[in-house]
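Engineer: Here's a structure for you.
The values are calculated or read from the model by the stated rules, or taken from the named source; none is laboratory data. For clarity, every value in this text was computed on a predicted model and none was experimentally measured. In this analysis, Cβ positions are derived from the backbone assuming ideal geometry, glycine residues included, and neighbour counts consider all displayed protein chains. Ligands, DNA and RNA are excluded from the accessible area calculation, which covers all protein heavy atoms including side chains. Shrake-Rupley method; radii C 1.70, N 1.55, O 1.52, S 1.80 Å.
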Amino acid sequence: ATAPQLASEAYGNTNFEGYIYFATDQFFGPAPNDGKGFKFSTQANWNGTNYTDDGSFSGALSSTASDNISISAGYYKINANTTSLTYSTTLTNWGVTGSGTPNGWPDNGVVDHNMTYNSTSKKWEIILTLSAGGNEIKFRANDDWGLNYGDTGADGSLNEGGDNIVVPAAGNYLIELDLSNPRAYTYTLTPQ
């Protein structure tokens, strides 16, 4: 009942998504790895349909295979589709970039400001001095635009590939990225 959750795009949709932190390697196999790894379950117990890799280790799901899915320690974006019977695990490390940051946009070798994952709060965080005057920020995974979040609508909720976030005022901020609620991702900029 306390397992991390994935959420579908809408009721009845079978395309699930969420972020999960694995504190240690989870390699399934013989002792001492008995019981390690993970499965996808349709209920908060083992009574529903449970899915695992089909044995090909190519991202295909099976409801009849019995081996758990192995994964290295880290923070992952996980997608699963129980209709197409596919899944993916993407290791992510998050950073802040943009004209409002000391490094600016990630052009010409400029690097993102790397955030640190706080396993207690389940948020990524960094304290950073931001500049205003039309300057903006965004969140990126793995120093790449392939997975990024902005705030379309400026409502504090994040959208994949969304609009740049306008820095409200110049100053030192605690920036927090909260991906712990599947498909309801948020962020905060707290003046320090």
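Engineer: Rank by packing, highest mean first: peptides 133-145, 20-32, with packing defined as the count of other Cβ atoms within 10 Å averaged across residues. Mind dumping the intermediate values first?
Structural biologist: Working: 133-145: 17.1, 20-32: 12.3.
Going by the mean number of other Cβ atoms within 10 Å, highest first, we get 133-145, 20-32.
Engineer: In addition: Normalised by the residues of region 1-125, what does the relative contact order come to in percent, with Cα pairs under 8 Å and at least six apart?
Structural biologist: Numbers: 225 pairs, mean separation 25.1, N = 125.
Here the relative contact order equals 20 percent.
Engineer: Multiply the residue separation of T152 and S119 by 0.36 nm, subtract the distance between their alpha-carbon atoms, and state the gained length in nm to one decimal.
Structural biologist: Residue separation times 0.36 nm, minus the Cα-Cα distance, leaves 9.1 nm.
Engineer: Compute the signed sum of charges (Lys and Arg +1, Asp and Glu -1) over the other residues within less than 10 Å, Cβ to Cβ, of D53.
Structural biologist: Working: positive: K39; negative: D54, D67.
Result for the neighbourhood of D53: -1.
Engineer: Further question: Before I look further, what does region 33-143 give for accessible area per residue, probe 1.4 Å, in whole square angstrom? Intermediate values should be presented prior to the final figure.
Structural biologist: On the way: 5490 Å² over 111 residues.
Value for region 33-143: 49 Å² per residue.
Engineer: Hey, another quick one. With r defined as the distance between the Cβ atoms of D67 and N142 and R0 fixed at 30 Å, what FRET efficiency is calculated, to the nearest 0.05? Walk me through the numbers before you get to the answer.
Structural biologist: Working: r = 28 Å, r/R0 = 0.94.
That pair, D67 with N142, gives E of 0.60.
Engineer: On the accessible surface of the chain, probed at 1.4 Å, how many percent belong to carbon and sulfur atoms?
Structural biologist: On the way: 4830 of 9980 Å².
Using a 1.4 Å probe with all protein chains present, the chain comes out at 48 percent carbon and sulfur.
Engineer: What residues have an amide H closer than 5 Å to that of D25, excluding those fewer than 5 places away on the same chain, when H is modeled at 1.01 Å from N in the peptide plane?
Structural biologist: For D25, whose amide H was placed from the backbone, the distant partners under 5 Å are A73.
Engineer: Would you please classify the overall shape of region 93-174 from the alpha carbon gyration tensor, given that a ≥ b ≥ c denote the square roots of the eigenvalues, rounded means a/c under 1.5, and beyond that prolate means a/b larger than b/c while oblate covers the rest?
Structural biologist: Working: a/c = 1.16, a/b = 1.12, b/c = 1.04.
It is rounded, given that a/c, with a ≥ b ≥ c, falls under 1.5.
Engineer: Further question: Among (i) 35, 17, 15; (ii) 31, 20, 15; (iii) 27, 20, 13, only one was calculated for this model; which label is it, if the read-out is semi-axes √(5λ) of the Cα gyration tensor in Å?
Structural biologist: Computed from these coordinates, semi-axes √(5λ) of the Cα gyration tensor in Å corresponds to label (i).
Engineer: Cα-based count: Lys pairs in the chain below 17 Å, eight or more positions apart or different chains? The partial results should precede the final answer.
Structural biologist: Working: K39/K77; K77/K122; K77/K123; K123/K138.
Total qualifying Lys-Lys pairs in the chain comes to 4.
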